[in-house]
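Report on one structure; see the data block that follows.
The values are calculated or read from the model by the stated rules, or taken from the named source; none is laboratory data. What you are looking at is a predicted structure, and each value in this text was computed from that prediction instead of being measured. Here the Cβ positions follow ideal geometry from the backbone for every residue, glycine too, while neighbour counts run over all protein chains shown.
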Amino acid sequence: MSTPDSSNELWYTFRQGDERAFQTIYRLYAHDLLNYGRKVTNDVALIEDSIHDLFIELWQSRANLSDTDSIKFYLVRSLRNKITRTRSRDPFFQASDVDALTFDVDDIGIENKLIEDEELRHVYEQLRKSYERLTPRQQEALNLRFYQHFSNEEIARIMGVNYQSACRFIYSALKTLREAIRIFSLYLAWISMEQYLH
């Protein structure tokens, strides 16, 4: 992972026309962009085309690009804007189709081999179902906050909303997930008590 100073230097070198710096940027961030794109739309072809076009445009306009404190932030926000513009121009675009985000087990860093306890599997399944019931914007905000590690201010800028709205997406999503786990834990406790009494 590059430090802020090396990131600034990499961006500066790229803007000067260094092809190796450009390749390094692609190698460092293309995978993150692909993962993030899947949180915006489930249209993989659109994501890949948008990333491809983004890097072409970056190279072509490199001399006119401004400084940035975070290459990743710049690229993620640019990708989101590009996908949004493409979808808004598509007369056949159906929001319900594209925004039906999928939940990946790896997104929360829990591997199946670690889930050996039956009760834990039930809790995890409840968490997954609750996550899937979140709105697409809540899911995107959680992804940006906890897996892409952006600040709330950066999330607001990436999503094109004000700071309060970004915080509300995150807070309401976490509240929903916590409440789902709390209720399910109470249910499990009740089942255990019933079994003990009988």
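Please identify the pairs in which a residue from region 1-30 that is of a type in the set (Lys, Arg) has its Cβ atom under 8 Å from the Cβ atom of a residue that is part of a helix (DSSP H, G or I) and modelled with pLDDT of 90 or more, counting only partners at least 6 apart or on another chain.
Short answer, once both residue conditions are applied: 15/62.
Failed condition for residue 51, given (1) β-branched (Val, Ile, Thr); (2) over 20 Å from residue 159 (Cα atoms); (3) modelled with pLDDT of 90 or more, with all others met?
The one condition residue 51 does not meet is (2).
May I ask you to list the residues in region 55-79 that are buried (at least 16 other Cβ atoms within 10 Å of the Cβ) and more than 18 Å from residue 157 (Cα to Cα)?
55, 58, 62
Show me the helices (runs of 4 or more DSSP H) entirely contained within region 1-69 in which 3 or more residues are outside the structural domain of residue 132 (by TED's automatic domain parsing) and under 26 Å from residue 86 (Cα atoms).
Those helices (runs of 4 or more DSSP H) span 19-40, 44-60.
Does region 137-154 include one or more residues that are assigned to a loop (DSSP other than H, G, I, E, B), small (Gly, Ala, Ser) and either modelled with pLDDT under 60 or under 27 Å from residue 83 (Cα atoms) (or both)?
Yes, that holds for at least one residue.
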